[in-house]
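Read the structure below first, then the notes.
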2 protein chains.
Amino acid sequence: MCPREGPRFGFMEPRLDTQTGYLLVKLGALAGARFDGVLAPLGLRGRHVRVIEEMRGASHSQQELCQATGLDRTTMVAVLDDLEQRGYARRSRSTADRRKHVVTLTGAGERAFKEAARALADAQEAFLAPLSAGERDQLRDLVERLRTTTG
Amino acid sequence: MCPREGPRFGFMEPRLDTQTGYLLVKLGALAGARFDGVLAPLGLRGRHVRVIEEMRGASHSQQELCQATGLDRTTMVAVLDDLEQRGYARRSRSTADRRKHVVTLTGAGERAFKEAARALADAQEAFLAPLSAGERDQLRDLVERLRTTTG
DNA sequence: CTCTGATTATCAGTAGAGCTGATTATCAGC
DNA sequence: GCTGATAATCAGCTCTACTGATAATCAGAG
């Protein structure tokens, strides 16, 4: 018995767009659009950056990249086509298991990632600018806890 | 003591998926999927609920509904087709301006909205369950401020 | 009144994302 | 050498959101 957020007054329902859940959905979409926006001039999209990041340091099969990024296998084919065409990645047959492709990052790919990461960090900085440093830490903590526990 | 965010150490770049912005995008998508999930059994989607909410109390032209909800005009046509077919809304020509449709909510539409709002409130409750009441208030405050200032 | 330009709702067509299923090549076990 | 499973790929489907065109209507100038 703790009618905290809901129909507290009976005769008056809260508007959807004042609810935390709705705000989260909208804010997430907004942030996503911003990030896509800063990546667009680099000819990249979020998924490319995620895949490149996963490739850094070690080589992976496409299957492993799908596992790590949550992308569909057919989407991964397209993403790697893009990256390969730009010279950011290379596919080669695995000698151990010739069904697999070993996907490796090139120097250009590494540089592109650094540039993208910098652009994303700047965009994030701008996005979170209305909050103080302490509030950003709070937000990050809350969001991360929600994501790891309910997600 | 929380050295978990930015490139504070120089030699080590933070992973994208530990960044607040990325987490926000993912969490928003997750929440959206949850909400779509609870609306699906009712034969509705988020946009339908938003449009219905906007129609409550007053009648609107489709153009005004687009303005209020941010939906595209052609999408609005489809949404109203759905609502009309289910008996939740009615279109009629405006007598003042015969180009316009006056869209009104039916009793069934009102009942459907209440049911949907209840389902959404429950889903939100479950989604935010990992947080204490105070933390939810914090989160709501932070998210709302971000949305109103940077959005 | 008539002509012009804007506005409302609608529809048709387009482009992209994300998926399923089929295909080819390869592997591992028997 | 079979058999079944797996990796990458391709073709095709669906769904969404948009652009552009269209018919009806309005508002204003002359």
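The values are calculated or read from the model by the stated rules, or taken from the named source; none is laboratory data. Given the structure is predicted, the values throughout are model-derived calculations rather than measurements. Cβ placement follows ideal geometry from the backbone for every residue including glycine, while neighbour counts extend to all protein chains displayed. Heads up: the accessible areas ignore ligands, DNA and RNA and are worked out on the full protein's heavy atoms, side chains in. Shrake-Rupley method; radii C 1.70, N 1.55, O 1.52, S 1.80 Å.
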Determine the pairs where a residue that is closer than 13 Å to A:Arg45 by Cβ, located within segment A:70-84, has a partner that is among the small types (Gly, Ala, Ser) with Cβ atoms under 7 Å apart, the partner being 6 or more residues away or on another chain.
A:Leu83/A:Ala89; A:Leu83/A:Gly109
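B:Ala116 - would you say it is open to solvent by less than 50 Å² (accessible area, probe 1.4 Å) and either in a helix (DSSP H, G or I) or at pLDDT below 95 (or both)?
Details: open to solvent by less than 50 Å² (accessible area, probe 1.4 Å): yes; either in a helix (DSSP H, G or I) or at pLDDT below 95 (or both): yes.
Yes: the conditions hold for B:Ala116.
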Residue list for segment B:35-57, filter: within 12 Å of another protein chain (Cβ to nearest Cβ) and not aliphatic (A, V, I, L, M)
B:Phe35, B:Asp36, B:Gly46, B:Arg47, B:His48, B:Arg50, B:Glu53, B:Glu54, B:Arg56, B:Gly57
Taking the criterion of being of a type outside the set (S, T, N, Q) and within 16 Å of DNA strand D (Cβ to nearest atom), would at least one residue in segment B:103-121 satisfy it?
no
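Considering segment B:11-60 alone, what residues qualify as being among the polar types (S, T, N, Q) and farther than 28 Å from A:Ala119 by Cα?
B:Ser59 - this is the single residue of segment B:11-60 that is among the polar types (S, T, N, Q) and farther than 28 Å from A:Ala119 by Cα.
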Consider A:Arg140 carefully, then state whether it is surrounded by 14 or more Cβ atoms within 10 Å (Cβ to Cβ) and under 16 Å from the mean Cα position of the chain (by Cα).
yes
Scanning segment A:83-104 residue by residue, those surrounded by 12 or more Cβ atoms within 10 Å (Cβ to Cβ) and touching a strand residue (DSSP E or B) at 6+ places or on another chain (Cβ under 9 Å) turn out to be A:Leu83, A:Glu84, A:Tyr88, A:Ala89, A:Arg90, A:Arg91, A:Ser94, A:Lys100, A:His101, A:Val102, A:Val103, A:Thr104
Exclusive hit being modelled with pLDDT of 90 or more and either of a type in the set (S, T, N, Q) or within 9 Å of DNA strand D (Cβ to nearest atom) (or both), set A:Leu44, A:Leu65, A:Leu83:
A:Leu65
Determine which member of the set B:Arg136, B:Arg91 is within 16 Å of DNA strand D (Cβ to nearest atom) and either part of a helix (DSSP H, G or I) or at pLDDT 95 or above (or both).
B:Arg91
